[in-house]
1. Within the range 51-72, track down each residue that is buried (at least 17 other Cβ atoms within 10 Å of the Cβ) and of a type outside the set (Gly, Ala, Ser).
2. For Ile42, indicate whether it is modelled with pLDDT of 95 or more, among the β-branched types (Val, Ile, Thr) and in a strand (DSSP E or B).
3. Looking at the range 16-32, which of its residues are out of contact with any helix residue (DSSP H, G or I) (no Cβ under 8 Å at 6 or more places or on another chain) and either charged (D, E, K, R) or part of a loop (DSSP other than H, G, I, E, B) (or both)?
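The values are calculated or read from the model by the stated rules, or taken from the named source; none is laboratory data. Remember, predicted model here, so these are calculated numbers, not experimental data. Every residue, glycine among them, receives a Cβ derived from its backbone with ideal geometry; neighbour counts consider all protein chains shown.
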Amino acid sequence: MLNSILISLNGDFSDIVTYPPVKYKGIIALQVRNHPESIPHIMGQLVNYLSVHSDMHHCKEKLLLVEAHRIRIRE
């Protein structure tokens, strides 16, 4: 198993039944939803979040759903 956090544009990884966060080092799902113009805002949210929570342990066993206006965390 890799000691890595998965960052994906694929919405399938936001399904906690298929990909339960407890089984992973962390999943970050970028929620673009067919609006590529939102990518700069989404990346801004992610960069701001990671600048505050730079420790990889903070994402462990969690799903972070990164949207243009917020980040939702599911366990």
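1. Within the range 51-72, the subset buried (at least 17 other Cβ atoms within 10 Å of the Cβ) is 59, 62-66, 68.
Scanning the range 51-72 gives Cys59, Lys62, Leu63, Leu64, Leu65, Val66.
2. Details: modelled with pLDDT of 95 or more: yes; among the β-branched types (Val, Ile, Thr): yes; in a strand (DSSP E or B): no.
It is false that Ile42 is modelled with pLDDT of 95 or more, among the β-branched types (Val, Ile, Thr) and in a strand (DSSP E or B).
3. At the first step, the residues of the range 16-32 found to be out of contact with any helix residue (DSSP H, G or I) (no Cβ under 8 Å at 6 or more places or on another chain) are 16-17, 20-24.
Hits for the range 16-32 are Ile16, Val17, Pro20, Lys23, Tyr24.
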